[in-house]
Amino acid sequence: KKMAIREFIVVGRKEPSEAEPNPPLYRMQVFARNEVIARSRFWYVLHAARKMKKTTGEILSVNEVVEKNPNTVKNFGMWLRYNSRSGIHNMYKEFRDTTLCGAVEQMYADMNGRHRARASSVHIIKTAVVKAEDTRRPNLKQMHNSKIKFPLTHIQPRASHKRYRAKFVTSRPTTFAG
Amino acid sequence: NIEKTNLLKMGFKRFVQVGRVVYINYGPENGKLAVVLDIIDNNRVLVEGPTTGVERQQMPLKRVNLTDYVLPIQRGFRTGNLTKAINDFDLEGKFNSSSWGQRLSNRQLRAGLTDYQRFELMLLRKQKSYLLKRAVAKAKKAAK
């Protein structure tokens with residue numbers, strides 16, 4: 001599955017000078033759509049946190065982090081900071097997905113839908129894989145059942161491809177699948 | 001167990017569960033069978049179909065039809081064990097001999113007919129119709 005949001009690790013530092021020949025390195029985990037945006041976000045954060053910017057610093061490496069095991073389901077906890085219309089708030093959210101980037105995509109969509117917080121207003125403070133017993137949200141905990149099973153109560157039948165959609169249909173659809 | 005009886009009372013016989021065989025009806029894996037290995041959330045499952053060419057991946061439940069078959073596997077079974085379980089269960093044989101499987105294979109057969117075969121088919125259908133109508137007319141006459 002091709003990810004829209006990808007994870008990058010960006011390492012950069014202030015340009016070495018005579019006064020400071022070995023400036024400290026800063027490493028940042030960035031979730032961005034591509035490397036260009038990742039670099040930009042790196043400078044956005046570093047410029048605010050330290051006295052350096054793109055013109056006075058250098059990025060030493062940008063590496064994409066690919067999910068180590070995209071075939072296991074994990075619970076991701078995310079600590080965020082977001083701008084609402086009337087202030088800045090911290091938040092903790094949990095998502096279930098097979099990859100961290102998938103969970104981050106879910107988070108942005110969730111923040112947008114629930115709080116009208118667009119991606120530019122959301123900052124990820126921290127992400128972590130959370131063990132099932134340490135999750136806090138009930139909608140995640142309900143999935144932590146070794147014998148989980150549920151029916152598909154209401155299916156909406158659709159054509160297997162757009163080209164097979166009928167313009168007019170003579171019978172009402174059945175939403176019961178068994 | 002109370003859960004199970006409640007679900008059955010509601011008339012549901014097929015459930016999304018680990019080991020359920022699903023038929024994928026949309027997207028790039030359209031038309032293939034796969035096995036549910038884990039449930040991500042109420043909209044997505046992790047499936048794999050090593051014998052039908054479905055790589056291990058997330059699958060939205062919207063793209064899926066549940067079949068009657070449940071394999072006795074454990075959550076997150078690896079490909080090798082899964083293949084063995086599928087072969088032991090004889091999934092292909094069971095599905096292909098079921099009415100669902102036969103409908104699918106008939107559909108494929110029909111789609112692959114040559115023009116001459118379609119002509120032959122048309123003649124056979126005419127014959128069948130003729131015989132049926134004759135039998136119906138005879139039965140009606142006998143009933144009077």
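No value in this document is a laboratory result; all are computed from the given coordinates. Being a predicted model, the structure only gives us computed values, none of them experimental. Here Cβ is always computed from backbone atoms with ideal geometry, including for glycine, and neighbour counts include all displayed protein chains.
Of all lysines in the structure, the ones whose alpha carbon falls short of 19 Å from that of residue B:13, not counting any fewer than 8 places away in one chain, are A:147, A:149, B:4, B:62, B:94.
Projecting the Cα positions of A:77, A:148, A:119 onto the charge dipole of chain A (unit charges on Cβ atoms of Lys, Arg, Asp and Glu, taken about the Cα centre) puts A:148 furthest along the positive direction.
Can you pull out the chymotrypsin sites (Phe, Trp or Tyr not before Pro) in region B:1-94 whose DSSP state is coil and whose Cβ has at most 10 other Cβ atoms within 10 Å?
Details: sites: B:12, B:15, B:23, B:26, B:69, B:77, B:89; in loops: B:12, B:15, B:26, B:77.
Qualifying residues, ordered by number: none.
For region A:1-39, the list of GluC sites (Glu not before Pro) that fall in a loop by DSSP and count at most 16 other C-beta atoms within 10 angstrom reads A:18. Which log10 I(q)/I(0) values does chain A give at q = 0.08, 0.14 Å⁻¹ under the Debye formula, counting every alpha carbon as one identical point scatterer? The calculated log intensity ratios at q = 0.08, 0.14 Å⁻¹ are -0.40, -0.94.
Annotation: extensible slack from residue A:65 through residue A:136 equals 22.9 nm (criterion: 0.36 nm per residue apart, minus Cα-Cα distance).
Please give the FRET efficiency for residue A:150 paired with residue B:129, using the beta carbon to beta carbon distance and R0 = 56 Å, rounded to the nearest 0.05.
The formula returns an efficiency of 0.75 here.
Here's the picture: charge each Lys and Arg Cβ at +1 and each Asp and Glu Cβ at -1 in region A:10-67, and of A:47, A:29, A:65 the one pushed furthest to the positive end of that dipole is A:47. Among the trypsin sites (Lys or Arg not before Pro) in region B:1-73, those located in a DSSP loop and surrounded by at most 14 other Cβ atoms within 10 Å of their own Cβ are B:13.
Taking square-rooted eigenvalues a ≥ b ≥ c of the alpha carbon gyration tensor, is region B:40-107 rounded, prolate or oblate, where a/c under 1.5 means rounded and, failing that, a/b exceeding b/c means prolate?
On the way: a/c = 1.98, a/b = 1.23, b/c = 1.60.
Verdict is oblate for region B:40-107.
When a/c is below 1.5 the answer is rounded, else prolate if a/b is larger than b/c, else oblate, so apply that to region A:49-130 with a ≥ b ≥ c taken from the square roots of the Cα gyration tensor eigenvalues.
Details: a/c = 2.38, a/b = 1.11, b/c = 2.13.
Judged from the Cα gyration tensor, region A:49-130 comes out oblate (a/c at least 1.5, b/c at or above a/b).
Every Cα-Cα pair of region B:8-144 was included, and the share exceeding 20 Å stands at 58 percent.
Largest GNM mean-square fluctuation among B:24, B:40, B:73, using chain B with Cα springs under 10 Å: B:40.
Label region B:34-79 by shape, choosing from rounded, prolate and oblate, from the square roots a ≥ b ≥ c of the eigenvalues of the Cα gyration tensor; if a/c is under 1.5 it is rounded, and otherwise prolate applies when a/b is larger than b/c, oblate when it is not. Could the numbers behind the result be given before it?
On the way: a/c = 1.27, a/b = 1.26, b/c = 1.02.
Note, shape of region B:34-79 comes out rounded.
Distance between the modelled labels on residue A:119 and residue B:51, one decimal in nanometres: 4.2 nm (7 Å Cα→Cβ projection). Counting only lysines at least 8 places from residue B:126 when in the same chain, those with an alpha carbon closer than 28 Å to its own are B:138, B:140, B:141, B:144. The Kirkwood radius of region A:10-106, taken over pairs of alpha-carbon atoms, gives through the Stokes-Einstein law at 20 °C and 1.002 mPa s a diffusion coefficient of 137 µm² s⁻¹. Evaluated with a Cβ-only charge set (Lys, Arg +1; Asp, Glu -1), region B:41-90 carries a dipole of roughly 220 debye about its Cα centre, given to the nearest 20. Distance between the C-alpha centres of region B:92-144 and region A:88-102: 55 Å, rounded to the whole angstrom.
Rounding to the nearest 10 and keeping the result within 0 to 90°, find how far the Cα-based axis of helix A:100-115 lies from the longest principal axis of chain A. For A:100-115 against chain A, the angle is about 80 degrees. For the protein assembly as shown, the spread of Cα positions along the three principal axes, ordered from largest to smallest, is 112, 53, 46 Å.
When chain A is treated as a GNM with alpha-carbon contacts under 10 Å, the residue of A:109, A:38, A:166 showing the greatest mean-square fluctuation is A:166.
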